[in-house]
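As structure tokens, the structure follows; a few thoughts come after it.
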Amino acid sequence: MAPFNVSKLAIMALVALNAMASSDAYVNPSNKPASVDSASTSTDIKRTFINRDIKTPDGVPEEGIKEAMELMASGRMYRYNVPSADQSTVSLCEQEVVDYTGHKYCVALNSCGSAIMLMMKTAGLEPGDKVMSNAFTFGAVPSAIEHAGGKAVYVESNYDHVMCPDDLEVKLAAHPDCKFCLISHMRGKVGDMDRIADICEKNGVTLLEDCAHSLGVYWQGKHTGHKGRASAISSQSYKMINSGEGGFFLTDDAEMAAKCAVYAGAYEGLAAKHLTVPGPEVFADLPTQIPNYSLRMSGIAAAVIRPQMKTLEARIAKYNGRYYTLCEKLEARLGDLISIPKLTPGVTQMVHDSIQFNVSPEVTDEQIQVFLDECKAHGLPVELFGHKSNARNFVNWGFAPAEDPLPRTAAMLSRACDCRMPLMWDDEDFDDMADVICESLEAAVNFN
């Protein structure tokens, strides 16, 4: 008998291994070995796996690409390098933003963080002044307070992920010298703005609104950002308008608007090249009295935003339709294992571009971690707001630490999960999202 050909043996082995890998890829998509310590079992053959990028942003419409290209070709990307305001892409963008939100004045900036910081500066914040703020928000908010020279005092957030008015009253009573309240509408969720505004008014506190997540959200039939003296919206990549980075300062207060424009970089009469700021009599000698921080939005950012403003309502409808379908599936299958935050009465239009849910207290911390690991292993990174590395967890704000315990917020964050809902995904991808969440939590609660 002729000796066996080694190369043929190698080929046969590779073919066999390849066949095994192909058959196992769906059974165990995490490619982790099965063990008694894993939530994954032989039932994984029926598990759903997602192959889409959860951080897929909205693309720029062709119209925006064309205008940006024209600006680059001309070299006139600086907002003031135009003969008049009505020829400035940034000024036209500001006009389109106020046409949508209903504000009187608007200044486009390089980021929403800059807009939040300038809200406080233009409202008269002095170094060391206290600012009430949500204990549940993104780290950029206490960062902006620190940037403006203020000192954050945190107000508890509840299981609907909004500021607790009762605790706001308690904190203002404990800090009678606090004259500013910066409220964040995290993930577009709005607290009881009528009561919060009333509490602020009774205590002589200036209310400011961080609307980074609430473009398109309405309170009592009016766009968010009108209860406060000023507000800020974002055009960072994961928001409803995407320019990579960017933000807008919005107000009906003429003096605040003029100061913001000067702080942003409207020097030597350049305010005349704005469409949405007050007249020269309000600016007076401001350009020589306050610093220029050079925080202007570029023409490129404005160019890509402008066509996105036209499609907001259609995109909101698509987001919301998918969200309510996803909620129905999760609630039907998971029952009491989760609760989905409820909207505050008074919210007349919501924008659900992501989903949040609170895991039941009956689920252990260990099981929650197994759930997160299972989701990730099956292609869906779900985040826990209370994770030790999450920038929305107040324990991670070492630059602006909480001085008082925040037990209600801490308890909520330890249960609160967050998942993006990319617009560019297909409808069937959200069926898979529901399956991965349900299958992963079911696996976690059965984990021994």
Task: Residue-wise HN-Hα coupling along the range 236-247, computed from phi with Karplus coefficients 6.51, -1.76, 1.60 (Hz; x: Gly, Pro) - done: 5, 3, 9, 9, 5, 10, 10, 10, x, 9, x, x
TODO: Can you tell me the alpha carbon radius of gyration of the chain divided by the globular rule-of-thumb value 2.2 N^0.38 Å?
DONE: 1.13
Task: Dimensions (Å) - the range 62-310, Cα atoms, principal axes, largest first - done: 56, 40, 29
Open item on the list: Rounding to the nearest 10 and keeping the result within 0 to 90°, find how far the Cα-based axis of helix 254-264 lies from the longest principal axis of the chain.
Closed with: 60
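Only sites in a loop by DSSP and with at most 15 other Cβ atoms within 10 Å count here; which GluC sites (Glu not before Pro) in the range 265-330 make the cut?
Numbers: sites: 268, 281, 313, 328; in loops: 268.
When the GluC sites (Glu not before Pro) of the range 265-330 are filtered for loop state and at most 15 Cβ neighbours within 10 Å, 268 remain.
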TODO: Could you run the Karplus curve 6.51 cos²θ - 1.76 cosθ + 1.60 with θ = phi - 60° over the range 191-200 and give me ³J(HN,Hα) per residue in whole Hz, x for Gly and Pro?
DONE: x, 6, 5, 5, 5, 4, 5, 5, 4, 5
Open item on the list: Run the numbers for residue 84 and residue 288: contour at 0.36 nm per residue of separation, minus the present Cα-Cα distance, in nm.
Closed with: 71.2 nm
TODO: Pull up the DSSP beta bridges for the chain and report the antiparallel fraction as a percent, rounded to 5.
DONE: 60
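Would you mind telling me the antiparallel percentage of the DSSP bridges in the range 62-310, rounded to 5? Let's see the in-between values first.
Numbers: 14 of 30 bridges.
Around 45 percent of the beta bridges assigned by DSSP in the range 62-310 are antiparallel ones.
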TODO: Report, in degrees rounded to the nearest 10, the 0 to 90 angle that the Cα long axis of helix 312-334 makes with the longest principal axis of the chain.
DONE: 40
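What number does the range 343-448 give for Rg over Rh if you use C-alpha atoms and the Kirkwood radius? Show your work: numbers first, answer last.
Working: Rg = 15.5 Å, Rh = 15.4 Å.
Dividing the radius of gyration by the Kirkwood radius yields 1.01.
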Task: Cut-off under 5 Å, modelled amide H: who pairs with residue 152 long-range - done: 131
Open item on the list: Tell me which of 153, 102, 267 sits at the most positive position along the dipole axis of the range 62-310, charges placed on C-beta atoms (Lys, Arg +1; Asp, Glu -1).
Closed with: 267
Open item on the list: Quick check: the distance between the Cα centres of the range 97-173 and the range 358-431, to the nearest angstrom?
Closed with: 23
- [ ] Per residue of the range 208-213, in order, report the coupling 6.51 cos²θ - 1.76 cosθ + 1.60 (Karplus, θ = phi - 60°) as ³J(HN,Hα) in whole Hz, putting x for Gly and Pro.
- [x] 10, 10, 8, 9, 3, 9
Task: Average silhouette area of the range 305-392, convex hull of alpha-carbon atoms, in square nanometres - done: 8.1
Open item on the list: Just to confirm the filter: which trypsin sites (Lys or Arg not before Pro) across the range 382-448 are DSSP coil and have at most 12 other Cβ within 10 angstrom of their Cβ?
Closed with: 388
Task: Around residue 268: net Lys/Arg minus Asp/Glu count, Cβ-Cβ under 15 Å - done: +2
Open item on the list: Given contacts defined as C-alpha pairs under 8 Å and at least six residues apart, what's the relative contact order of the chain, whole-number percent?
Closed with: 22
Task: Amide hydrogen neighbours beyond the local backbone of residue 275, cut-off 5 Å, H modeled - done: none
- [ ] Going by C-beta contacts inside 10 Å, put 101, 276, 348 in order with the fewest on the left.
- [x] 348, 101, 276
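What number, in percent, do you get for the relative contact order of the range 62-310 if the mean sequence gap of Cα pairs under 8 Å and at least 6 apart is divided by its residue count? Kindly include the intermediate steps, with their values, before the conclusion.
Working: 533 pairs, mean separation 70.9, N = 249.
About 28 percent, as a whole number.
I want to verify the translational diffusion coefficient of the range 217-354 in µm²/s; compute it with Stokes-Einstein, Rh as the Kirkwood radius over Cα pairs, at 10 °C and 1.306 mPa s. Intermediate values should be presented prior to the final figure.
Working: Rh = 17.9 Å.
In µm²/s, the coefficient rounds to 89.
Net charge near residue 320, counting Lys/Arg +1 and Asp/Glu -1 over other residues with Cβ under 12 Å of its Cβ?
Numbers: positive: 315, 318, 322; negative: 313, 353.
With Lys, Arg at +1 and Asp, Glu at -1, the net is +1.
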Task: Dipole moment magnitude, nearest 20 debye, the range 62-310 about Cα centre, only Lys, Arg, Asp, Glu C-beta charged - done: 340
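In deg cm²/dmol and to the nearest 500, what is the mean residue ellipticity at 222 nm of the chain if only DSSP H runs of at least 4 residues count, each as -39500 (n - 2.57), divided by the residue total?
Values: 15 runs with 178 residues, N = 448.
Using -39500 (n - 2.57) per qualifying helix, the result is -12500 deg cm²/dmol.
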Task: the chain: angle of helix 299-310 to the longest principal axis, Cα-based, in degrees nearest 10 - done: 80
- [ ] Please identify every one of the trypsin sites (Lys or Arg not before Pro) in the range 219-257 that sits in a loop by DSSP and has no more than 14 other beta carbons within 10 Å of its own beta carbon.
- [x] none
Task: Residues with amide H under 5 Å from that of residue 109, placed H, sequence gap 5 or more - done: 247, 248, 249, 297
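Since every read-out is calculated from the coordinates, none of them should be taken as a lab result. Treat the numbers as computed from the prediction; the structure is a model and nothing was measured. Positions of Cβ are backbone-derived with ideal geometry, glycine not excepted, and every protein chain shown enters the neighbour counts.
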